[in-house]
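Novice: Sending over a structure as structure tokens; questions will come in a sec.
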Amino acid sequence: MTYQETLPGLGELRLVPVDPAADAALLHGWVTQPWARFWGMGGYTVDEVREVYAFLDGLATHHAYLIDLDGVPAGLFQTYQPEADPVGERYPVRPGDVGLHLLLAADRRTPGLTSAVCPALFRFLFTDPARQRIVVEPDVRNDRALRRLEREGFTLDAEIDMPDKRARLAFLTRHRFEADQVVPA
């Protein structure tokens, strides 16, 4: 386990590193669903999913985690160093930038799940004091993700051409996140 946090009303969230061999079938079951079309793996086989996550597992710059909620897999969370990723060739990377990808399992749709999980993931990322800004690059057609990012405090930025999509850059600074987390007395 990498991180653990209690989400009021939802249970215990744990981030567990993906085991490519053990988790490939589970991940395949998610990434090939129509609701996961923007993940870009809709036509992949279980073996291809395993290969992708085995490759990522071998990189020091990219990490994949299962999001576990009260012992039940609820999603996939990936982090990366933008300077070691194609996105880093498309914007001026700053020291302290960290990238993320998030896929919540549709079969775990619970009211308030995304609103609780996202800030927990951001808190996890910002436990490293060197991290100052979260970078995401959703597909420009993913209106739902773009609206969610704005609600979470991200600033939408330029559109960029990635190898597999037209994307929209968005950034969340540590300062903005921490300011938004302050609860008035």
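Novice: Taking the conditions exactly as written (touching a Ser or Thr at 6+ places or on another chain (Cβ under 9 Å) and more than 20 Å from Pro119 (Cα to Cα)), does His63 satisfy them or not?
Specialist: Working: touching a Ser or Thr at 6+ places or on another chain (Cβ under 9 Å): yes; more than 20 Å from Pro119 (Cα to Cα): no.
Spelling it out, it is not the case that His63 is touching a Ser or Thr at 6+ places or on another chain (Cβ under 9 Å) and more than 20 Å from Pro119 (Cα to Cα).
Novice: Give me the residue from the stretch 117-141 that is hydrophobic (A, V, I, L, M, F, W, C) and in a loop (DSSP other than H, G, I, E, B) and, out of that set, nearest to Asp161 (Cα to Cα).
Specialist: Step one: filter the stretch 117-141 for residues hydrophobic (A, V, I, L, M, F, W, C), giving 117-118, 120-122, 124-126, 130, 134-136, 140.
When the remaining residues are screened for being in a loop (DSSP other than H, G, I, E, B), the result is 126, 130, 140.
Details: Phe126: 28, Ala130: 28, Val140: 10 Å.
Step by step, filter the stretch 117-141, then rank; the result is Val140.
Novice: So which pairs qualify, if the first residue must be in the stretch 38-56 and over 11 Å from His28 (Cβ atoms), the second must be among the small types (Gly, Ala, Ser), the Cβ gap must be under 8 Å, and the two must be at least 6 apart or on different chains?
Specialist: From the stretch 38-56, the pairs are Phe38/Ala145; Ala54/Ala21; Leu56/Ala64.
Novice: Just one of Glu5, Glu83, Glu12 is in contact with an Asp or Glu (Cβ under 9 Å, 6 or more places away or on another chain), loosely packed, with under 14 Cβ neighbours inside 10 Å and either outside any loop (DSSP other than H, G, I, E, B) or not hydroxyl-bearing (Ser, Thr, Tyr) (or both); which is it?
Specialist: Values: Glu5 fails: loosely packed, with under 14 Cβ neighbours inside 10 Å; Glu83 fails: loosely packed, with under 14 Cβ neighbours inside 10 Å.
The match here is Glu12.
Novice: Checking Arg168 against (1) within 17 Å of the chain's Cα centre (by Cα); (2) touching a residue at least 40 places away in the same chain (Cβ under 8 Å); (3) not in a helix (DSSP H, G or I), which test does it fail?
Specialist: Arg168 satisfies all of (1) within 17 Å of the chain's Cα centre (by Cα); (2) touching a residue at least 40 places away in the same chain (Cβ under 8 Å); (3) not in a helix (DSSP H, G or I) except (2).
Novice: Now for a separate question. One residue is enough: does the stretch 83-98 have a residue meeting the conditions over 25 Å from Glu150 (Cβ atoms), at pLDDT below 95 and charged (D, E, K, R)?
Specialist: No, the stretch 83-98 contains no residue that is over 25 Å from Glu150 (Cβ atoms), at pLDDT below 95 and charged (D, E, K, R).
Novice: Let me ask something else about it. Looking only at the stretch 39-47, decide whether some residue is surrounded by 16 or more Cβ atoms within 10 Å (Cβ to Cβ), part of a helix (DSSP H, G or I) and modelled with pLDDT under 95. Let's see the steps before the verdict.
Specialist: Going through the stretch 39-47, the residues surrounded by 16 or more Cβ atoms within 10 Å (Cβ to Cβ) turn out to be 39, 41, 44.
When the remaining residues are screened for being part of a helix (DSSP H, G or I), the result is 39.
Keeping just the survivors that are modelled with pLDDT under 95 gives 39.
There is at least one residue in the stretch 39-47 that is surrounded by 16 or more Cβ atoms within 10 Å (Cβ to Cβ), part of a helix (DSSP H, G or I) and modelled with pLDDT under 95.
The values are calculated or read from the model by the stated rules, or taken from the named source; none is laboratory data. These numbers come from a predicted model, not from an experiment. As a convention, Cβ positions derive from the backbone with ideal geometry for all residues, glycine included, and neighbour counts pool all protein chains shown.
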